[in-house]
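Accompanying notes for the structure given below.
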Amino acid sequence: MANFIGVFLRSLEYGSFYALSALSIILVYKTSYTTNFAQATLGMFNTFLVATLVMRQGWSLYAAIPIGIVSAVILGVLIDIVIIRRASKAGPVGKQIITLGLISVFLGLTPIFFGVDNLSLPRFISSGTLTIMGTPFSYNALFNILFGIFIMLTMFATIQKTKIGLAIRTTASNETTARIMGVPTKTVTMAAWAVAIVLSLISGLMTAPYSSVSLTFMNDVQITAFLATVVGGFATFHGPVIAAYGISVLLNIFQVYMPSGTIWGKPLLYAVLLLIMYFKPYGIFGKQRLKKV
Amino acid sequence: MSKEPILEIKDLEVHYGPIRALKAINITVYEGQVVALLGANGAGKTTTLRTLSGVIKPSNGTILFKGERLDKLAPESITSSGISQSPEGRQIFGDLTVEENLKIGAYIIKSKKILKENFEKVYRYFPVLRERKNQVASTLSGGEQQMLAIGRALMNNPKVLLLDEPSLGLAPLLVKEILEIVNTIAKDGVTVVIVEQNAAQTLKIADYAYVLEVGSISKEGEAHELMNDSSLAEAYLGTVTN
Amino acid sequence: ACGNGNDETDTSAGEDTGSNETETEESVEPAQGITEDSIKVGNSAATSGALAPVGSPFNAGIRAYFEMVNNDGGVHGREIEFVHTDDEFDPAIGRAALQTLVEDEEVFALVGHFGTPVIAATIDDIKDYGIPAVYFAAGIGQLYNAQAEGSDRVAMPVQPIYTTEGEMMLSRAVGDFGAEKVGVIYTNDDAGLDMLKGAEQKAEDLGVELVSEQVPAGATDVSAAVTSIVNEDVDFVIGAAIQNTIPTIVKALVAQGSTADLITSYVNVDASISQQIWNDIDGQFDVYGNGWVDLESEESLESLAMMNEWIDDEYDNNVYAMTGWIAGHFFTEGMDRLGEETPTWDAYIDAMESEPIDNPFGGEIDFGDGQRVGTQEMNLSRIEGSTEWVVVEELKSIEEILGNN
Amino acid sequence: MKKIMKHPYSQFILLGLVLLTLPYLAEAGAIRNSTVTVIGTTIIYTIAALGLNVLLGFSGLISLGTAGFMGLAAYISAYVTETMALPFELAVLAAIVIPTLLGILVGILSLKFEGIYLGIATLVVAEIFREIFINVTSFTGGATGALAGRPELFGTFRLDRIQTYYLIVVVMVLIFILIHNLTKGHLGRALNAMRGSEAAAQAMGVNIFKYRLIAFGIATVLASVSGVLYVHYVGLSYPTTWNLMLSLDFLAIIVVGGFRSIFGTFIGSFIIFAMSELFLKPIPALANITPLVKGILIIIFILYYPNGLANIKHQVSHWLARRKGKRDAFGQTKTEKKNLTRAEVRENDTV
Amino acid sequence: MTPSKTKELALKIEDVSIAFGGLKAVDDLSFAIERHEIFGLIGPNGAGKTTIFNCITQFYKADSGRIHFVNAKGKETNLMDLNVHEIIDEGIVRTFQNVELIRELSIMDNVLIGAHHVMKQPLLGQLFNRKAIRQDEADSREKAEKILAFLDIAHLKDLIAGSQPYGVQKKVEIARTLMSDPELIILDEPAAGLNDTETKELALRIKQIRETYQTTILLVEHDMRLVMDICDHICAISFGKRIAVGTPKEIQSNPEVQKAYLGEEGELE
Ligand SMILES: Nc1ncnc2c1ncn2[C@@H]1O[C@H](COP(=O)(O)OP(=O)(O)OP(=O)(O)O)[C@@H](O)[C@H]1O
Ligand SMILES: Nc1ncnc2c1ncn2[C@@H]1O[C@H](COP(=O)(O)OP(=O)(O)OP(=O)(O)O)[C@@H](O)[C@H]1O
Ligand SMILES: CC(C)C[C@H](N)C(=O)O
Ligand SMILES: [Mg+2]
Ligand SMILES: [Mg+2]
């Protein structure tokens, strides 16, 4: 039992990382109609910045994080203004390939700015462990779970309570008409990119202490986040988030409790997800978009 | 009735790439007027409205709204200053519900009270929208979508209302109703610019009309005068006989 | 697995010079890439992307060594020119890159050919060209050959082969730590799988129990594999993973309360790794690493000082730079042995085989009798600080380790 | 003569002939030897990307699994020729049939999915393949990959490097012609209709199910051919090669080159794959920052040629037309109308 | 405007119902269309007109009822047994209320899609571009040119469909239906967005189509002048229910139709 609790809690923690990344992907998708393949790379870049300040310049983590957030916001704004806005003719697939270009650009820039070596990053809460039903669990892990949930609830509340949610949905659905309705779609898109990159950074800052800050350290998180977005459905914000936690829990259960689980657990889970997708092709929480003729 | 010009279009030219869709047109609209834009398919009527709402930027010429330059503003700023449009092809948000579509129409309205009033007003004009308020807009019938598009444009208490073929796809009874609604709104002081194929009926409620022909204004005048202009009737409007 | 016999004979460029047929002593022409006063050598390596943290310092090490040599007037009056192209760790690019080097750049030898996919895709081409290839920056089993003959002799690996290392790790577990049940956490890449293979072989030989769990290379969440290993209550853990996966594994072991000591690959024995995990381990268990470079002996420290003098400050003390330095040294040693003899490919290989070559960081490699087995002796070090790996056992062969017990 | 050259077949054959001369140019010292190898690989990628172009460009169905299917074919061909020591021809057959059947299976699934949902679903399939590539060692050689030699035709005639290159060029030209035949008429129109308006397509009798399968079939056949050529040309199927990045590169190829354009696919492939090898890396100042430069170039190409580089042709003719052409009532020439509106219409495209 | 001499049945709708959620969009609706007639379906917005078209062409599967089609050879088919894409094989083809063209293709290519089901082109034949295939293509093109000329848009054939004015796009849709050798053409608001002159011209064309192509036509339209001018019979519906069937005269003077749809008598233009 203790074992299971441990597996479950750890899954929740990683679920937070996936959920934040999924939210980042959804936010861009909903406003720019673009699958942002560069989500992980942009998160990586800003995490590198924070890690460099901490490890090379000797800053405290808490002093470095605001700089990272500012950088994420600036990047988001720049990417929107310099690239995405001008790509209206490129169509959705074209824009996706632009994000692919962004991957190349930032993979190229990172070593130039931060050197080729992998870095490490301290945890938010450097030490302390509590025991939950016989399972050791660090304060940091608890913080990650709670903080992740806090961020997401704040976002949901903002989206629900204000017109922002509607503005986001109309921007995605038909930008020109949204503007005729008075929706400042450019601001919406720009803000979405900025927030999305900040979310990626937070996901990166949470993940990095458990692995290392390398060019590819968030790729895994991104693939799981992609899965979560389609399993949960692009229609809602909460769907992908719930799916992210669900996938994380299932993945660990498959891997721990199945024979040869660490080898075949993941492909098996993928097959199961494919099956779920087959029966819920617009995501568990999504509805089929009707096209009436 | 006609006091101040509320909209002044001067030497307006619009290009789509190298295609010149409007060639230096001049239109003046006075406050509270209903102005009709008529003309054959592809004459440039929609282009004129799209330029007014800022979706297309003119390559030449100016547009003044209450004496202020409008043509450099972004569409959302133009909307905020009180110009509202029911665009060609309805352009409703298909995956939003009817109610959400209307809500977005009132995006610039801050007051909850006015919002509520406007909902009531639109539902009064189009009771079917109230019945359907939770239906996903893309599944509405063609006419219902048209009502939604018009209703949405009314949601933000516009000073100037731009209507692009509002009667398209509406049943005869409703066509009449729409024109009556336009009349009512105009009486309340809203200025209306309306594009219609159905020239005869439109001229009945319009104060003034312009006829566009391949990007230029070929005729203009008081609506009742144009109604009796036989050359016009034949050339662009189809034979207008009652 | 590669017995597909590429019978290409159209490799126009190098064939007339150094190929195997030129046996006659008289009037031999020097091989390609050699002039009166220069020797051109090269490699392709991943200097961008995920493996750049290894590739870049590695290449810098090679360059630094050659600069030092050239500064001393070169080898018998010839300066060494080093050309490099980035193959992005991609076999298709690697194959074209090899062609660029051998046919277009006409290098005399390959020094420090890098990375499993590129080496695997090009090793047959290298043998077909007959071009000497000194030092491979990978440890794949294909390079292992106890008695190479004919064109197989061109490949001269120096680094330990991963399977050898796997055997070594298990031997350490048993010989030095008396483990009876060993857990292996391995990545699903060449390094992890080959080390697992070596460990499994040795475990069977020695009759100790071995449990293993896989993690994806570069994974962020390895907790499931770690849970399974922890549940097995093993005495000792082998971290058969390189680069950025090993910190992830160690941190997960700490988080799940594991107390068994751990050993990992020589590839990880670098400050950049210890830095990432020292604070986390916090004394919960010890982390050991295999090593094939020794940092204690006078000689090694001298070499290190020399390298630091010649290399960009950025790479001072970097282990991958040290391996590059070693690669440079091995190549140069062969050239040096040729003396005034005309440098042909065959002559060069003979020279390399003539007697064992000292590693500037300790140990030696013997290519004699067609031995192509890489390093066979390794030492053991332990993390004792965020930038400190301290050697706790000298270079030893597997036999020596097991004899210990 | 002019007319013959205008025929697409002649253009494909001309391209083929130009490519066939490269080895001679290399021998003559006019270009580097490795250029031939780089172009060979470029052609191989072109073939897989062309399949994706049929799928996405024509039918509007996105796949992020191209690399997975290509890899599967590569492994099968390597296994059949090396491990089972069966003839090359048999390997080709097996390596095309097996993935294609699987591809059609995905096509069946695809009926349920749209847009990015389909993209991720195919990505999941490819990820499952990848786990198999790594873990079913007896079939794939595991993490060190599967080796394969150059093609041996009819069990007797083993091709050398240059001959293999010739084979690749010939296969490319053949595929170009066949795909041209398939897409310019009946099938192409049906796929176009399906993309443009599923409702209209169905009303006109297009069986969506059947045509989705055909589209997936074609895409997988080409990915498989590409995989077979790859493994016998590069000599190795390495498991991490067949990842999302490669599938995305195929997407990039057709976006940069141009949807529905055969030549565009070749151009795109050249830009995405060969450009940095041939033009960037040899320049010392750029050699160390090729990813950065490549990324910037991709973005620039898409911003300035949103309809693909294949459309440069249209732009040139448009420019010429503007210089001499007649204008209609709106001051536009006929060519302009044709080409520009093509661009304008794109605004409403969705996938 | 006499309908066919011998009154053969072409399409029979019997007690068809379909509901969306709680809403009965079509409610026990029945009507029948004779061969070679022009049949109008009218009713207020949201009455269920498009929905019944969708039921006939199987875009929607009716909840209950029967939809039978009798082709020129007298063969009767239950359309509800068919898939959407099989409907055209029976000779039934439709246009859409919101124009459904392939926007980025030329008008010619759009029209050729209409010939999809009559072209006999096996995949292998296409792959090798066999002579028969080339001939088939050439024939179809010729046919398409004739149809475009008939609709006065032959000169536009190479232009991109998506940027044409609405009126032209509507014609392209009609041209597309004619490519399929139809027996029954179903038109959903063909005159919407056309001006008075164009509507008049359209009326003429529809009548010509019936004669030239020997088809039956079923249409929905809100332009009463067009409907009254060309229809042989009209069915008026409201809230999914039939309120009247008859000749234009009868419908026009039917008080229920007036109340629900037309407005007071005499207001018709
Ligand atoms: N997006 C576009 N790209 C290219 N040309 C366009 C575009 N939109 C309109 N045009 C052209 O500009 C001209 C004027 O079009 P506009 O839509 O303003 O006409 P309209 O008078 O509203 O016609 P309709 O009665 O058909 O709505 C036409 O020739 C049209 O083809
Ligand atoms: N898929 C659907 N889901 C929910 N409601 C639907 C759906 N399709 C149609 N409806 C509703 O059914 C009713 C009938 O729609 P239909 O499109 O048939 O009307 P119509 O008679 O064609 O009207 P119009 O003249 O306005 O085009 C409408 O009220 C519409 O909102
Ligand atoms: C980082 C590399 C030098 C090692 C890698 N495992 C390889 O053999 O390819
Ligand atoms: Mg218009
Ligand atoms: Mg309708």
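The values are calculated or read from the model by the stated rules, or taken from the named source; none is laboratory data. Please read these numbers as outputs of a predicted model, since none were measured by experiment. Here Cβ is always computed from backbone atoms with ideal geometry, including for glycine, and neighbour counts include all displayed protein chains. Please note that ligands, DNA and RNA were not included when accessible areas were found on the heavy atoms of the full protein model with its side chains. Shrake-Rupley method; radii C 1.70, N 1.55, O 1.52, S 1.80 Å.
Any idea what the relative contact order of chain D is, in percent, if you count C-alpha pairs under 8 Å spaced at least 6 apart? Spell out each step's value before the answer.
Working: 502 pairs, mean separation 91.6, N = 351.
Taking the mean separation of contacting Cα pairs over the length of chain D, I get 26 percent.
May I ask for log10 I(q)/I(0) of the stretch E:103-173 at q = 0.23 Å⁻¹, from a Debye sum over the Cα atoms as equal point scatterers with solvent left out? Log-scaled intensity ratios, in q order: -0.97. Both chains summed, the buried accessible area for C and A stands near 2600 Å², from protein heavy atoms and a 1.4 Å probe.
For the protein assembly as shown, count the residues as N, evaluate 2.2 N^0.38 Å, and divide the Cα radius of gyration by that value, please.
Details: Rg = 36.8 Å, N = 1560, 2.2 N^0.38 = 36.0 Å.
Compactness ratio reported: 1.02.
For chain E, the spread of Cα positions along the three principal axes, ordered from largest to smallest, is 62, 41, 41 Å. Which pairs in the list B:K45/B:K204; B:K57/B:K121; B:K45/B:K121; E:K143/E:K171; A:K30/A:K266; A:K287/B:K133 are over 21 Å apart, alpha-carbon to alpha-carbon? Checking Cα-Cα distances, B:K57/B:K121; B:K45/B:K121; A:K30/A:K266 exceed 21 Å. In terms of distances greater than 26 angstrom between alpha carbons, the cross-link table entries E:K49/E:K170; A:K186/A:K280; E:K170/E:K241; E:K12/E:K249; E:K49/E:K259; B:K103/E:K259 yield A:K186/A:K280; E:K170/E:K241; B:K103/E:K259.
Sequence-ordered 3J(HN,Hα) estimates for the stretch C:45-54 from the Karplus curve with 6.51, -1.76 and 1.60 and θ = phi - 60° stand at 8, 7, 10, 10, x, 4, 9, 4, x, 9 Hz, glycine and proline given as x. Contact with the other protein chains removes 50 Å² or more of accessible area, compared with the isolated chain and a 1.4 Å probe, from these residues of the stretch A:7-51: A:R10, A:Y14, A:F37. Report summary: the helix-based calculation at 222 nm, which adds -39500 (n - 2.57) for every DSSP H run with n ≥ 4 and divides by the residues of chain C, gives -12500 deg cm²/dmol. E:M119 contributes about 10 Å² of solvent-accessible surface, heavy atoms of the protein only, 1.4 Å probe. Given R0 = 30 Å, the distance between the Cβ atoms of E:D139 and E:T212 translates into a calculated FRET efficiency of 0.95.
Overall, the accessible surface of chain C at a probe of 1.4 angstrom is composed of carbon and sulfur to the extent of 40 percent.
The accessible surface of the stretch E:103-173, taken with every protein chain in place and a 1.4 Å probe, is 58 percent carbon and sulfur. Fraction of C-alpha pairs exceeding 16 angstrom in the stretch A:116-218: 69 percent, rounded to a whole number. Working from label points 7 Å from Cα in the Cα-to-Cβ sense, the C:D366 to E:D63 distance is 9.1 nm. With contacts taken as Cα pairs under 8 Å and at least 6 residues apart, chain C reaches a relative contact order of 19 percent.
Straight-line reach from C:K40: taking Cα to Cα under 23 Å and skipping same-chain neighbours fewer than 8 places apart, the lysines in range are C:K127, D:K281. Using heavy atoms of the protein chains and a probe of 1.4 Å, the accessible area assigned to B:E88 is about 90 Å².
By accessible area, using a 1.4 Å probe on protein heavy atoms only, chain D has 67% of its surface on carbon and sulfur. Shown here are the Rg and Dmax of the Cα trace of the stretch E:1-104, at 14.4, 45 Å.
Using the Kyte-Doolittle scale, which helices in chain A average at least 1.0 and also have C-alpha atoms spread 15 Å or more along the helix axis, with helices defined as whole DSSP H runs?
Numbers: long enough: A:2-32 (45 Å, 0.96); A:39-55 (24 Å, 1.37); A:61-78 (25 Å, 2.38); A:91-114 (34 Å, 1.48); A:139-161 (32 Å, 1.33); A:185-207 (32 Å, 1.50); A:219-232 (19 Å, 1.07); A:238-257 (28 Å, 1.20); A:261-279 (27 Å, 1.48).
Those that pass (Cα extent of 15 Å or more, hydropathy at least 1.0) are A:39-55, A:61-78, A:91-114, A:139-161, A:185-207, A:219-232, A:238-257, A:261-279.
May I have the convex hull volume per residue, in Å³, for the Cα set of the stretch C:217-257? Don't skip to the answer; put the middle values down first.
Working: hull volume 2.6 nm³, N = 41.
That works out to 63 Å³ per residue.
If one takes the accessible area of chain D alone plus chain E alone and subtracts that of the pair, with a 1.4 Å probe, what total in Å², rounded to the nearest 100, results? Buried surface at the D/E interface: approximately 3200 Å².
A Cα-only calculation for the stretch A:1-87 places Rg and Dmax at 16.6, 55 Å. Residue by residue, the stretch B:109-123 carries 3J(HN,Hα) couplings of 7, 8, 6, 4, 5, 5, 4, 4, 4, 5, 4, 4, 4, 5, 5 Hz when phi is fed to the Karplus relation 6.51 cos²θ - 1.76 cosθ + 1.60 (θ = phi - 60°); x denotes Gly or Pro. Using a Debye calculation, one point per C-alpha and no hydration shell, please list log10 I(q)/I(0) for chain C at q = 0.08 Å⁻¹ in order. For the requested q values the scattering log ratios are -0.42.
Given a 1.4 Å probe, how much area per residue of the stretch D:2-307 is accessible, in Å²? Mind showing how you got there, number by number?
On the way: 9540 Å² over 306 residues.
For the stretch D:2-307, the solvent-accessible area averages 31 Å² per residue.
Modelled spin labels at E:S253 and A:I149, positioned 7 Å past Cα toward Cβ, are 7.6 nm from each other. When only alpha carbons are used to place a centre, the stretch A:233-293 and the stretch C:115-130 end up 42 Å from one another. A Förster radius of 45 Å, combined with the Cβ-Cβ distance separating E:F128 from A:S88, puts the computed FRET efficiency at roughly 0.60.
What would the Debye formula give as log10 I(q)/I(0) at q = 0.15, 0.31 Å⁻¹ for the alpha-carbon point model of the stretch A:47-89, no solvent? Each listed q corresponds, in turn, to -0.45, -0.95. A simple spin-label model places the labels of E:A149 and C:K181 9.1 nm from each other, with each point 7 Å out along Cα-to-Cβ.
Normalized C-alpha radius of gyration of chain D, against 2.2 N^0.38 Å?
Working: Rg = 20.9 Å, N = 351, 2.2 N^0.38 = 20.4 Å.
That works out to 1.03 for chain D.
The HN-Hα couplings worked out from phi for the stretch C:155-171 by the Karplus form 6.51 cos²θ - 1.76 cosθ + 1.60 (θ = phi - 60°) are 8, 10, x, 10, 4, x, 7, 4, 5, 4, 5, x, 4, 4, 4, 5, 4 Hz, whole numbers, x standing for Gly and Pro.
For chain B, the Cα-based Rg and Dmax, in that order, read 17.3, 51 Å.
Only protein heavy atoms count here, probed at 1.4 Å, and on that basis chains E and B bury about 2000 Å² of accessible area in total. Remark: the stretch D:59-218 projects, on average over all directions, an area of 10.4 nm² (convex hull of Cα atoms). Any residues in the stretch D:129-164 that have 30 Å² or more less accessible area with all protein chains than in their chain alone, probe 1.4 Å, and which are they? At a threshold of 30 Å² (probe 1.4 Å), the residues of the stretch D:129-164 that become less exposed are D:E131, D:I134, D:N135, D:A143, D:T144, D:L147, D:R150, D:R158, D:D160, D:R161.
To test your reading of the geometry: what angle, between 0 and 90 degrees and rounded to tens, separates the Cα axis of helix E:166-178 from the longest principal axis of chain E? Tilt relative to chain E: about 70 degrees. Contact order, relative form, for chain E: 26 percent (alpha carbon pairs under 8 Å, 6 or more residues apart, mean separation divided by residue count).
Ratio of Rg to Rh for chain A: 0.97 [Cα atoms; Kirkwood radius as inverse mean 1/r over pairs].
For the stretch A:187-293, the spread of Cα positions along the three principal axes, ordered from largest to smallest, is 50, 34, 19 Å. Residue by residue along B:77-89, Cβ atoms of other protein chains within 10 Å of the local Cβ number 3 on average. Computed from the Cβ-Cβ distance with R0 of 45 Å, the FRET efficiency linking C:S297 to A:W59 stands at 0.70. Plainly put, the stretch C:76-125 has a radius of gyration that is 1.00 times its Kirkwood radius, both from alpha-carbon atoms, as the Rg/Rh ratio.
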